[in-house]
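One structure below.
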Amino acid sequence: IKCLIKVTKTMHQVMQELDLPEVLLAIHTFFSTLGPIELGLRSSREDRPLRMVKTVLFEVCKVKGLEVYKCLGQVPGAHTDGEGAFDPMDPSQPVIVSYISVNLS
C-alpha cells in the first residue's frame, strides 16, 4: 500500500510510462473480484486497499480526462452506446465505468 501511495503522488509524471489499458483492466479485476456487495461494505469503512485503488483511478482520470474512456478496450463488458458514449447508468456496464464517470464529473 505504501508503494501505491508514493505512485499516486507522482502519477502525473509517470502517466506516459504506464500501460493504461492494463492498469484499468487490473482495477476492473479488483472491483469484479470483490463484487458489488463487498465493494459497498468496504466503501463504508476505511478499507485501505480499496481506497488506494480508487485513488489510483482518480489520479488517472485527473490526468487523462475523457481520454481514459479510450483505454477501456481490454475491460470485459465495457461498451459504448449508439452515440459512442459510455453510459455509467447502464447496469450491464462494469463498475469501473461508474467510478470513472464520478471521477470526471
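The values are calculated or read from the model by the stated rules, or taken from the named source; none is laboratory data. Bear in mind the structure is a predicted one, so any value in this text is a computation, not a measurement. Counting neighbours? That spans all protein chains shown, and the Cβs are built from the backbone with ideal geometry, glycine included. In case anyone asks, the SASA skips ligands and DNA or RNA and just uses the protein heavy atoms, side chains included. Shrake-Rupley method; radii C 1.70, N 1.55, O 1.52, S 1.80 Å.
What net charge do the residues around Arg51 carry, taking every other residue with its C-beta under 11 Å from that of Arg51, with Lys and Arg at +1 and Asp and Glu at -1?
+2
Which of the following values of mean projected area of the Cα convex hull in nm² was calculated from the structure shown: (1) 7.7; (2) 6.7; (3) 11.2?
(2)
Expressed in nm to one decimal, what extension gain is obtained for the pair Met15 and Thr80 from 0.36 nm per residue of sequence separation less their Cα-Cα distance?
21.0 nm
How about the chain: which trypsin sites (Lys or Arg not before Pro) there lie in a loop by DSSP and see at most 10 other Cβ atoms within 10 Å?
Within the chain, the qualifying trypsin sites (Lys or Arg not before Pro) (loop, at most 10 other Cβ atoms within 10 Å) are Arg45.
With a 1.4 Å probe and every protein chain left in place, tell me how much accessible area Ser43 has, in Å² to the nearest 10.
The accessible area of Ser43 comes to roughly 60 Å².
Excluding Ala26 itself, what net charge comes from residues whose Cβ is under 14 Å from its Cβ, given Lys and Arg +1 and Asp and Glu -1?
Charge balance near Ala26 sits at -1.
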